[in-house]
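Colleague: One structure coming up, written as structure tokens, with questions to follow.
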């Protein structure tokens, strides 16, 4: 599917990568629908982009998540693509006594369960479109984990694996399956991350992603240059060295 003149849903489109991607795709002539769990930032995004549609959605609210797809498709029967971007990243300490599972459960619900449920609800509709796409967002940490964020890293590894299986199952349908694999990007996914010297500037990341999405044939994995350090570490025999560099 070409990412031009399409109706595209982006979850978590009120901040960070989702916000920047929504505005960049709209600038290419796409019609954008976003979700956000924070009313204030969602309202600000829609006020700045009045042609966008938006919905409040906390993907950890099971009832809201279950009800959302039917309402979305009733309002937007021409939906062509979904970018399942909403995600959280929080630290965990498994040396604590007791070990708290609050972060783990919230991370799995947001980063893994919600995309699976949304995909299951939206894929029948997407398969009815002549050309459609479902795009997941994993992370370079899917390939080399950050030890301080174990469930985040594991959830993104799971998203990568799940995306591969979806792609195979849907290979004879009209739905293309893509995976965006961000490196460390200058957003506030974690507090202060946008100010880290090693973080790729958000505009540079989005520029590379949009360049890839503009290709005549969009690759299965949307990989910016910076993420190759992590994505290819194991295949190139660098895993132990990269893990040590990442985790100190």
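The values are calculated or read from the model by the stated rules, or taken from the named source; none is laboratory data. Computed from a predicted structure; not experimentally measured. Heads up, the Cβs are rebuilt from the backbone with ideal geometry, glycines too, and the neighbour counts pull from every protein chain shown.
Colleague: Could you count how many residues in region 65-103 are outside any loop (DSSP other than H, G, I, E, B) and surrounded by 15 or more Cβ atoms within 10 Å (Cβ to Cβ)?
Modeller: The initial filter retains those residues of region 65-103 that are outside any loop (DSSP other than H, G, I, E, B), namely 65-75, 81-84, 102-103.
Those left that are additionally surrounded by 15 or more Cβ atoms within 10 Å (Cβ to Cβ): 65, 68-69, 72-73, 81-84, 103.
Here the count works out to 10.
Colleague: Which condition number in (1) surrounded by fewer than 19 Cβ atoms within 10 Å (Cβ to Cβ); (2) within 22 Å of residue 15 (Cβ to Cβ); (3) under 18 Å from the mean Cα position of the chain (by Cα); (4) at pLDDT 95 or above is the one that residue 116 fails?
Modeller: Of (1) surrounded by fewer than 19 Cβ atoms within 10 Å (Cβ to Cβ); (2) within 22 Å of residue 15 (Cβ to Cβ); (3) under 18 Å from the mean Cα position of the chain (by Cα); (4) at pLDDT 95 or above, only one is false for residue 116: (2).
Colleague: Looking at region 44-57 only, could you name the residues that are outside any helix (DSSP H, G or I) and in contact with a strand residue (DSSP E or B) (Cβ under 9 Å, 6 or more places away or on another chain)?
Modeller: Within region 44-57, the subset outside any helix (DSSP H, G or I) is 49-57.
49, 51, 52, 53, 54, 55, 56, 57 - these are the residues of region 44-57 that are outside any helix (DSSP H, G or I) and in contact with a strand residue (DSSP E or B) (Cβ under 9 Å, 6 or more places away or on another chain).
Colleague: Among (1) farther than 19 Å from residue 134 by Cα; (2) surrounded by fewer than 20 Cβ atoms within 10 Å (Cβ to Cβ); (3) free of Cβ contacts under 8 Å to residues at least 40 places away in the same chain, there is one condition residue 60 misses while meeting the rest; what is its number?
Modeller: Result: residue 60 passes all but (3).
Colleague: For region 121-145, which positions are over 17 Å from residue 239 (Cα atoms) and in a helix (DSSP H, G or I)? Show your work before the answer.
Modeller: If we filter region 121-145 for residues that are over 17 Å from residue 239 (Cα atoms), which is where we start, we get 121-138.
Those that are over 17 Å from residue 239 (Cα atoms) and in a helix (DSSP H, G or I): 121, 122, 123, 124, 125, 126, 127.
Colleague: Can we say residue 43 is at pLDDT 95 or above, surrounded by fewer than 20 Cβ atoms within 10 Å (Cβ to Cβ) and farther than 22 Å from residue 132 by Cα?
Modeller: Values: at pLDDT 95 or above: yes; surrounded by fewer than 20 Cβ atoms within 10 Å (Cβ to Cβ): yes; farther than 22 Å from residue 132 by Cα: yes.
The answer is yes for residue 43.
Colleague: Looking at region 4-15, which of its residues are assigned to a loop (DSSP other than H, G, I, E, B) and buried (at least 24 other Cβ atoms within 10 Å of the Cβ)?
Modeller: 11, 12, 13, 14
Colleague: Turning to a different aspect of this structure: Mind checking which helices (runs of 4 or more DSSP H) fall wholly inside region 146-248 and carry at least 2 residues that are within 29 Å of residue 41 (Cα to Cα) and touching a residue at least 40 places away in the same chain (Cβ under 8 Å)? Break it down stepwise before answering.
Modeller: Values: elements: 150-169, 202-213, 228-231, 239-247.
Answer list for region 146-248: 150-169, 202-213.
Colleague: Go over the candidates 110, 163 one by one and state the one that is touching a strand residue (DSSP E or B) at 6+ places or on another chain (Cβ under 7 Å) and within 21 Å of residue 16 (Cβ to Cβ).
Modeller: Values: 110 fails: touching a strand residue (DSSP E or B) at 6+ places or on another chain (Cβ under 7 Å).
Matching residue, one of 110, 163: 163.
Colleague: Within region 16-43, how many residues turn out to be more than 23 Å from residue 114 (Cβ to Cβ) and assigned to a loop (DSSP other than H, G, I, E, B)?
Modeller: 2
Colleague: Anything in region 184-220 that is surrounded by fewer than 16 Cβ atoms within 10 Å (Cβ to Cβ) and within 20 Å of residue 163 (Cβ to Cβ)? List them, or say none.
Modeller: Answer for region 184-220, where residues must be surrounded by fewer than 16 Cβ atoms within 10 Å (Cβ to Cβ) and within 20 Å of residue 163 (Cβ to Cβ): 215, 217, 219, 220.
Colleague: Here's a follow-up. What are the residues in region 87-108 that are more than 23 Å from residue 162 (Cα to Cα) and either free of Cβ contacts under 8 Å to residues at least 24 places away in the same chain or in contact with a helix residue (DSSP H, G or I) (Cβ under 6 Å, 6 or more places away or on another chain) (or both), if any? Working first, answer last.
Modeller: To start, the set of residues in region 87-108 that are more than 23 Å from residue 162 (Cα to Cα) comprises 91-102.
Within region 87-108, 92, 93, 95, 96, 97, 98, 99, 100, 101, 102 meet the criteria.
Colleague: Among the listed residues 134, 112, identify the single one that is under 24 Å from residue 7 (Cβ atoms), free of Cβ contacts under 8 Å to residues at least 60 places away in the same chain and touching a helix residue (DSSP H, G or I) at 6+ places or on another chain (Cβ under 7 Å). Spell out how you get there, then give the answer.
Modeller: Details: 112 fails: under 24 Å from residue 7 (Cβ atoms).
Within the list 134, 112, the selection yields 134.
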